[in-house]
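To keep things clear, I will list the structure first and then write my remarks on it.
The values are calculated or read from the model by the stated rules, or taken from the named source; none is laboratory data. Values in this document were obtained by computation on a predicted structure and should not be read as measured data. Note that each Cβ is placed from the backbone with ideal geometry, even for glycine, and that neighbours are counted across all protein chains shown.
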Amino acid sequence: MNLESSLDSLVGIGEKTRLKFEKAGIVNLGDLLGYYPRAYERFEKPIAIRALEEGTLAAVEAELTRPIATRHVRGLSISATECSDGSDLLPLTWFNMPYLRNTIRAGVPYVFRGRVKRKGQRLLIEQPAFFPPDQYEKMTNELRPIYPLVKGLTGGMIQKAVRQVIGVEGLLREYMPVEIRERYRLSEYNYAVAQIHFPADEHSLMLARQRLVFDEFFFFILQLRSLKSKREAARSSFDIRPSKLAKKLLANLPYDLTNAQKKVWTVIERELCGEVVMARLIQGDVGSGKTIVAILALLTAAESGYQGALMAPTEVLARQHYESLNKLFGENKIPFGTVLLTGSMTARQKREAYEEIESGRASIIVGTHALIQQKVVYKNLALVITDEQHRFGVRQREMLSDKGNMPHTIVMSATPIPRTLAVILYGDLDISVIDEMPANRLPVKNCVVDTGYRGKSYELIQKQVEAGHQAYVICPMVEESEIAEETENVVEYTRRLRNVLPQSITVEYLHGKMKPAEKNEIMERFLENEIQVLVSTTVVEVGVNVPNATVMMIENSERFGLAQLHQLRGRVGRGDAQSYCIFMHTLTGKQIEQRLNILRSSNDGFEIANRDMQLRGPGDLFGVRQSGMLDFCLADIYSDADVLQQANEAAGELLERDPGLVLSEHADLRRRYELLVQKQSDHLNL
């Protein structure tokens, strides 16, 4: 048995169970160990009802004073009762759980646990979890792992399987050189894996996480260094010349480029036409105008007889890039063929796209990671552009580059990353910054409020929709969590919002677990204003351009990183109407308000990123992280900035001594690195 062994090598995992794990991306034992908990739950000791405080997560031991009564309001089932512990009474409410009438009995003691809310003058708990007192006592003060789940897969199933693997002697081989572990005080790998899943206490969890975060950064930097060394050894094989059509397009645009855009385009044009292979990052805030610079570069490559590819992280964004490109080329009578390639296209559509690309009839190719599939053969690829780079791993853009004879590379990112970190994270690239916004943009008006202002926020949304505009509402989750905390989810929230807003307003939801065709349909309807309010997870963070959307309301905003909140805010303010962003927070506290007030006082992404990094110390285990940032599982570049610096230092020194990791003492490290790269390639070629 090794880390590449199938899950059915474990006791109790048959064909049906194995398929459930595969839905979550868990194919072998290594995948299982790397399927880290997304949070940890601590069960605090029960307190008296009279000691409850608004906004806290608390448990009370009490008995129902009367049976649960259930009523139905616009398709929503509401079950309500009251409990008492002798000190006071506490109302309890559950939504869409009518079966509880036959489950929880009056006069029997239970421990009820949930987030304490205030309605009027009374405190209450909505959606409380409940336990027999003896069972709850055994759970108190444990750190219990909470895993991301898919349909049919439970947390208990994952825990049982992980415990089996951890118990296999000799399976978890240490691969990090001892001098690196000692220098940076890193725990052993087997200890780290065991404690990240089943921590003995918070200190053990901190040590485990530090080691695994170090490893994530370390291997990421090894890949960067490998890519950089390949590029430095290459000379450009393309004869690209300044484009007359690009100049014509610039002259015909209904606006002037900002000075920052002009400066960046001058550098890119010079490097495209130079003898060295270009590898450049264009870093610019949301709405700063990176896309037009990318179009000019694609046009320049095409006019010289070569192909250019633009890879976007979502089908919705890829489709909009494709349609915008065709519209712009049509209006300016630019003759080059373009083609779209995404995963949800039919087999026939893909086959036709493959033929257009291989024959060279398609000069500009736009798509998702479908562009790097093995079946895609380019005739003469000279330029590769990846949009929203923080959503792609290094291996993805390396595979796209490998499709040509060392093509020029442009990477675009709207993620505000402090320059000290960007130099490491984009270590293989030269950096250009577009630090100027178009003059016609109205600044977004921001407000930071608690849930008491939710009603007024809905009134603003209704008023904006009645004026012909649209709104986003962002929730952190897809469906109800098994954590007994008040986190809003898109499915339930959509039902509730439909009951609050007039029936003339169409409210729909969008999340990453939907099929690509469903997501595309929802976004197309939102683009056409057939949907006025879109309730979504952060899948819209890199979504399409909807200039008509003027309200962004973010629920549980304290659970998101500031850079991510800033990008979500960037979905509005794209038209000529005044736009608004409402940061709604459920939890209270000085630090939460201090962080969110940074967003209220500034629309500058880079200033926000720097202040966020200053506020968040290292090892912020239970705090927010930037979701999806550069494909890291645990690591967060802001709160783990010190570990990133250490990993960069360690990787650099190791590669100086052993550039190819060929020394015998690095054999296990090399094997681990090769497995990681192969796993990424296999996943991307699925």
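Things worth noting here:
- Of all residue pairs spaced 6 or more apart or on separate chains, those with beta-carbon atoms under 7 Å, a first member in the range 478-499 that is acidic (Asp, Glu) and a second member that is modelled with pLDDT under 85 and surrounded by fewer than 18 Cβ atoms within 10 Å (Cβ to Cβ) are Glu492/Glu480.
- Considering residues of the range 207-247 that are touching a strand residue (DSSP E or B) at 6+ places or on another chain (Cβ under 9 Å) and part of a loop (DSSP other than H, G, I, E, B) only, the residue nearest to Arg395 (Cα to Cα): Ala234
- Residue that is surrounded by the fewest Cβ atoms within 10 Å (Cβ to Cβ), among those in the range 58-70 that are small (Gly, Ala, Ser) and touching a Pro at 6+ places or on another chain (Cβ under 9 Å): Ala58
- Taken together, Ala309, Ala297 contain a single residue that is at pLDDT 90 or above, under 18 Å from Glu356 (Cα atoms) and crowded, with 20+ Cβ neighbours inside 10 Å, which is Ala309.
- Scope the range 443-459; condition among the aromatic types (Phe, Trp, Tyr) and at pLDDT below 95; matching residues: Tyr453
- Residue within the range 138-155 that is of a type in the set (Phe, Trp, Tyr), outside the structural domain of Ala48 (by TED's automatic domain parsing), surrounded by 15 or more Cβ atoms within 10 Å (Cβ to Cβ) and within 33 Å of the chain's Cα centre (by Cα) present: yes
- The selection criterion, being surrounded by fewer than 22 Cβ atoms within 10 Å (Cβ to Cβ) and either of a type in the set (Ser, Thr, Tyr) or part of a loop (DSSP other than H, G, I, E, B) (or both), does not hold for Asn520.
- Every residue from the range 313-351 that is surrounded by 14 or more Cβ atoms within 10 Å (Cβ to Cβ) and among the acidic types (Asp, Glu): Glu315, Glu323
- Which numbered condition Ile424 fails, given (1) assigned to a helix (DSSP H, G or I); (2) assigned by TED's automatic domain parsing to the domain that holds Asp576; (3) touching a helix residue (DSSP H, G or I) at 6+ places or on another chain (Cβ under 8 Å): (2)
- Taking the numbered list (1) closer than 30 Å to Ala233 by Cα; (2) out of contact with any strand residue (DSSP E or B) (no Cβ under 6 Å at 6 or more places or on another chain); (3) of a type in the set (D, E, K, R) in turn, Lys290 passes all entries but (2).
- Among the numbered conditions (1) touching a Leu at 6+ places or on another chain (Cβ under 9 Å); (2) surrounded by fewer than 14 Cβ atoms within 10 Å (Cβ to Cβ); (3) under 23 Å from Glu398 (Cα atoms), the only one that Val276 does not meet is (1).
- Residue in the range 95-108 that is assigned to a strand (DSSP E or B) and not assigned by TED's automatic domain parsing to the domain that holds Arg38 present: yes
- Count of residues meeting criterion [modelled with pLDDT of 85 or more, closer than 24 Å to Ser324 by Cα and in contact with an Asp or Glu (Cβ under 8 Å, 6 or more places away or on another chain)] in the range 491-518: 0
- Search result, residues across the range 9-57 that are in contact with a Lys or Arg (Cβ under 6 Å, 6 or more places away or on another chain) and loosely packed, with under 14 Cβ neighbours inside 10 Å: Glu54
- Options Glu315, Glu355, Glu303: the member that is without any contact (Cβ under 8 Å) to a residue 12 or more places away in the chain and more than 28 Å from Phe219 (Cβ to Cβ): Glu355
- Some residue of the range 238-245 being in contact with a Cys (Cβ under 9 Å, 6 or more places away or on another chain), in contact (Cβ under 8 Å) with a residue 12 or more places away in the chain and either on the phi > 0 side of the Ramachandran plot or β-branched (Val, Ile, Thr) (or both): yes
Quick grid of which residues meet (1) touching a residue at least 24 places away in the same chain (Cβ under 8 Å); (2) buried (at least 22 other Cβ atoms within 10 Å of the Cβ); (3) of a type in the set (Phe, Trp, Tyr):
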position: Ala208; (1), (2), (3): no, yes, no
position: Asp215; (1), (2), (3): yes, no, no
position: Gln223; (1), (2), (3): yes, no, no
position: Ala233; (1), (2), (3): no, no, no
